[in-house]
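Colleague: Sharing a structure here in structure tokens format.
The values are calculated or read from the model by the stated rules, or taken from the named source; none is laboratory data. Values in this document were obtained by computation on a predicted structure and should not be read as measured data. Reconstructed Cβ throughout: ideal geometry from the backbone, glycine too, with neighbour counts over all protein chains shown. Surface areas here come from the heavy atoms of the whole protein model, side chains and all, with no ligands, DNA or RNA. Shrake-Rupley method; radii C 1.70, N 1.55, O 1.52, S 1.80 Å.
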Amino acid sequence: MCEVNAYIKKNGHEVLVMEGVFVVRPEGDKVLLENIFGEQKLVDGRIRQVSLMEHKIIFQ
């Protein structure tokens, strides 16, 4: 399985939003994240970078 950790870039720093994300789905002007435990979170931002090698997705 290939899950990633989601971060949001704030003031030049990456702040962890959710671990173990395996679903990333646009929901209007937000992005829905769902992790391996079924937890869901809406992120107000847009994708800045996805790095599967580092297992991370960064929003801005």
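Colleague: Please enumerate, by chain and number, the aspartates and glutamates with C-alpha under 13 Å from the C-alpha of K56, excluding those fewer than 8 residues away in the same chain.
Modeller: Those aspartates and glutamates meeting the cut-off are E3, E14, E19.
Colleague: At a Cα cut-off below 13 Å, give the aspartates and glutamates reachable from K9, other chains included and same-chain residues fewer than 8 away excluded.
Modeller: D44
Colleague: Using every Cα-Cα pair within the chain, state what percent have a distance larger than 13 Å.
Modeller: Values: 1002 of 1770 pairs.
Distances greater than 13 Å cover 57 percent of the Cα pairs.
Colleague: Which net charge results when you count Lys and Arg as +1 and Asp and Glu as -1 among the other residues whose beta-carbon is under 14 Å from that of E19? Could the numbers behind the result be given before it?
Modeller: Working: positive: K41, K56; negative: E3, E14, E34, E39, E54.
Residues close to E19 contribute a combined charge of -3.
Colleague: Another question, if that's okay. Working with all protein chains in place, sort I57, I8, I36 by solvent-accessible area computed with a 1.4 Å probe, largest first.
Modeller: Order by accessible area, largest first: I36, I8, I57.
Colleague: Shifting gears a bit: Report the extension gain between E3 and L42 in nm, rounded to one decimal, defined as 0.36 nm multiplied by the number of residues separating them, less their alpha carbon distance. Mind showing how you got there, number by number?
Modeller: Values: separation 39, 0.36 × 39 = 14.04 nm, distance 1.71 nm.
Between E3 and L42, full extension yields an extra 12.3 nm.
Colleague: With θ taken as phi - 60° and the coefficients 6.51, -1.76 and 1.60, list the Karplus ³J(HN,Hα) couplings across the range 22-36 in order, rounded to whole Hz; mark glycine and proline as x.
Modeller: Going residue by residue, I get 10, 10, 10, 9, x, 9, x, 9, 10, 10, 8, 10, 10, 9, 5 Hz, with x marking Gly and Pro.
Colleague: So what J values fall out for the range 49-60 if you push phi through Karplus, 6.51 cos²θ - 1.76 cosθ + 1.60 with θ = phi - 60°, rounded to Hz, Gly and Pro as x?
Modeller: After applying 6.51 cos²θ - 1.76 cosθ + 1.60, I find 7, 10, 10, 6, 5, 9, 6, 9, 10, 10, 9, 10 Hz.
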